[in-house]
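Worksheet for the structure shown next.
The values are calculated or read from the model by the stated rules, or taken from the named source; none is laboratory data. Quick caveat: nothing in here was measured; it's all calculated off a predicted structure. We place every Cβ from the backbone using ideal geometry, glycine too, and count neighbours over all the protein chains shown. Areas reflect the complete protein model, heavy atoms only, side chains present, ligands, DNA and RNA absent. Shrake-Rupley method; radii C 1.70, N 1.55, O 1.52, S 1.80 Å.
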Amino acid sequence: MGFKTRLTTFMRATRLDSHHAIERFGIFFGVLMLSGVLVVGAAGFSAFTAGQDKLAGTALWTTKFTTSKTRLSGTVDGVYLSDSRTRALIVMHFDPQAKISYNAADYQAFLLGSDEKLRTSRVQTPDITGSFHVFGSTGYVAVMLESPAPFQQQILNLTVRAKAELTFAQQQQAGATQDQVVGDASFTRFDQWRVFANPGAAQATTLPSLDAPAFDPARAYYDVVIKPQETAARAELDRQLALMRSDLTQINTYTGELATTKVDGVSLLPPAVPDAISGDTVTGSTAAESTTGQSTLALNTRTVVPGGFDFNWRDGDVLSGYLGRIMPSGQSSWLGYLQQQSTAGADTAANASNQINSMAWKLSNGRSLANDYRSSDVTMRPLTTLMNNLSQAYQGYYADKRKYESDDLLALLNLEVNLLNVRSGSSANSDHFLTTFH
């Protein structure tokens with residue numbers, strides 16, 4: 001059999017000859033359709049998987065809100081869970097200028113389910129109960145959700161309603177809110193805001209205070225709000241101590257140059273250092289210098305600046321409190337103590353600063369460099385330069401010490417005052433607060 005005959009036989013067997021063109025087209029078309037289905041199916045599965053991953057990992061779907069009638073703005077700080085994942089706290093705060101009710105009884109909420117596209121559905125986690133918490137007059141509020149079983153991975157549509165409107169609502173405002181657009185008329189009748197959250201998300205943050213049998217609003221407020229601010233305040237205290245140590249190094253360096261810097265045998269004598277800074281030292285090491293990675297810098301001083309504070313802030317924290325340890329014996333009111341310190345600072349701060357600025361600069365020949373020589377006298381320039389450098393170093397150190405003792409340490413105490421106010425002024429409402437749509 002010749003090659004041509006064999007080729008013709010092969011083409012007929014595989015239906016590649018001209019007599020089977022229609023069948024061949026159908027086969028090719030079927031193969032293409034099957035490939036398309038596989039590609040689309042793979043893409044759909046990939047999108048579904050991505051959507052499920054986002055749902056599983058995202059705890060907070062709403063970061064900002066605006067009340068529907070009074071138009072008060074706020075931020076959702078986060079969704080926090082207990083270790084058992086049966087208790088969730090959704091923390092929010094209003095802008096500082098917002099006028100809201102600080103009575104938790106003035107709020108109620110409604111809970112529905114939702115999906116990734118924020119479409120309404122039923123709540124899947126059974127038997128969810130809720131309560132509302134107002135953290136004093138700080139502007140922070142929270143909704144507590146509790147369930148007998150761990151929260152399922154589902155976006156929850158939480159609508160909070162303020163029954164007491166402390167701000168005048170202009171009903172004829174131009175435009176419409178997003179909630180009005182989707183057809184929920186209750187946002188027109190009541191002052192409400194909506195939050196979307198998924199307490200069942202794997203990446204939700206756990207909060208130690210939620211594991212206690214009885215919820216402590218002050219502890220929760222400390223964990224969520226105060227602790228990050230305290231960390232920043234302590235970092236600033238460390239930074240200021242390092243700056244003061246550098247100031248003292250400058251002072252020591254320039255003081256050492258007094259004996260070696262002379263003009264025609266005349267030198268500048270060490271000045272009398274005012275009590276406000278005399279004998280001060282900064283000991284310890286920075287975090288970068290320490291083998292443990294922890295800063296141990298500390299100010300050692302005999303004199304506290306007027307109205308300032310001096311206490312070991314490393315030994316303790318805002319939660320355990322500093323005020324009870326530093327208030328004088330017989331002083332029972334922290335408010336009175338802080339007011340007393342503020343008054344003392346205002347009355348005597350200027351006098352202490354003037355002592356630094358008016359230091360006497362005597363020469364070894366008995367004359368005064370500042371009073372008996374002109375600043376433009378070229379012959380005395382080495383001594384004048386040294387005087388200016390040392391004077392500025394003293395002034396810089398006192399300014400930094402004053403900031404450390406009057407501002408930075410006070411910042412820690414102010415955080416404690418904020419926490420004390422939350423501890424004494426918080427309110428809670430669990431009586432018919434939450435309506436859940438299962």
For the range 355-367, indicate whether the set of residues that are in a helix (DSSP H, G or I), surrounded by fewer than 16 Cβ atoms within 10 Å (Cβ to Cβ), free of Cβ contacts under 8 Å to residues at least 40 places away in the same chain and not hydroxyl-bearing (Ser, Thr, Tyr) is non-empty. yes
With the checklist (1) open to solvent by less than 30 Å² (accessible area, probe 1.4 Å); (2) closer than 16 Å to VAL141 by Cβ; (3) modelled with pLDDT under 95 in hand, flag the one item ALA220 doesn't pass. (3)
Conditions (1) on the phi > 0 side of the Ramachandran plot; (2) not in a loop (DSSP other than H, G, I, E, B) -> GLY256 fails only (1)
Selection count where residues are modelled with pLDDT of 95 or more and open to solvent by less than 30 Å² (accessible area, probe 1.4 Å), scope the range 87-99: 6
Looking only at the range 190-217, count how many residues are open to solvent by 60 Å² or more (accessible area, probe 1.4 Å), in contact with a strand residue (DSSP E or B) (Cβ under 7 Å, 6 or more places away or on another chain) and either within 25 Å of VAL422 (Cα to Cα) or outside the structural domain of GLY136 (by the TED database) (or both). 2
What pairs can you find where one residue is in the range 279-292 and in contact (Cβ under 8 Å) with a residue 60 or more places away in the chain, the other is outside any strand (DSSP E or B) and of a type in the set (A, V, I, L, M, F, W, C), and their Cβ atoms are less than 7 Å apart, with a gap of 6+ or different chains? ASP280/LEU248
Kindly indicate whether THR436 is polar (S, T, N, Q), within 30 Å of THR255 (Cα to Cα) and buried (at least 16 other Cβ atoms within 10 Å of the Cβ). no
Out of everything in the range 223-246 that is among the polar types (S, T, N, Q) and open to solvent by 50 Å² or more (accessible area, probe 1.4 Å), what residue ends up being nearest to the chain's Cα centre (by Cα)? GLN229
Please go through the range 137-189 and pick out each residue that is at pLDDT below 90, of a type outside the set (Gly, Ala, Ser), in contact with a strand residue (DSSP E or B) (Cβ under 9 Å, 6 or more places away or on another chain) and not in a loop (DSSP other than H, G, I, E, B). GLN178, ASP179
Looking at (1) closer than 27 Å to GLY396 by Cα; (2) at pLDDT 80 or above; (3) in a helix (DSSP H, G or I), find the lone condition where TYR337 falls short. (1)
Quick check: anything in the range 402-414 within 28 Å of the chain's Cα centre (by Cα) and closer than 30 Å to SER131 by Cα? yes
May I ask you to verify whether MET380 is over 31 Å from the mean Cα position of the chain (by Cα), assigned to a loop (DSSP other than H, G, I, E, B) and surrounded by 12 or more Cβ atoms within 10 Å (Cβ to Cβ)? no
For residues that are at pLDDT below 95 and outside any strand (DSSP E or B), tally how many sit in the range 103-122. 6
Restrict the check to the range 334-344 and report whether at least one residue is in contact (Cβ under 8 Å) with a residue 24 or more places away in the chain and open to solvent by less than 20 Å² (accessible area, probe 1.4 Å). no
